[in-house]
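To start, the structure under review is shown below, and the notes come after it.
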Amino acid sequence: MARYFFHTRDGRTPPDAEGSELPSLEAARVEAVRMSGELLKWHAETFWKEGEWSLEVTDDTGLTLFTLHFVAITAPAIRKRPDRPAS
């Protein structure tokens, strides 16, 4: 089994120092999607205010294997409507 590290890049969260042992790169990809879903679930109220963040997965040497990016973008037409607060 290989050890994978899941680093949330949001300007606040410290790097994953422990990592997780998983049987394959495919298992790490699945875990990254699950983790991202949980983060979105638990931070749904603040997601639109916080801007963008990413989940970077590395191996035990620090090599980045893949990154998932998350960004909330309000369309210009919505931002200009007087009945909606600017975000």
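The values are calculated or read from the model by the stated rules, or taken from the named source; none is laboratory data. Model, not experiment: these values are computed from the prediction. No Cβ is skipped: glycine too gets one built from the backbone with ideal geometry, and neighbour counts run over all protein chains shown.
Among the residues examined, Ala28 qualifies as more than 9 Å from the chain's Cα centre (by Cα) and not in a loop (DSSP other than H, G, I, E, B).
Restricting Thr74, Thr8, Thr13, Thr61 to residues that are part of a strand (DSSP E or B) and hydroxyl-bearing (Ser, Thr, Tyr) narrows the list to Thr8.
In the range 1-39, which residues are in contact with a Ser or Thr (Cβ under 7 Å, 6 or more places away or on another chain) and among the acidic types (Asp, Glu)? Matches in the range 1-39: Glu31 only. Determine whether Gly62 is at pLDDT 85 or above, within 12 Å of His7 (Cα to Cα) and either loosely packed, with under 11 Cβ neighbours inside 10 Å or acidic (Asp, Glu) (or both). Yes, satisfied.
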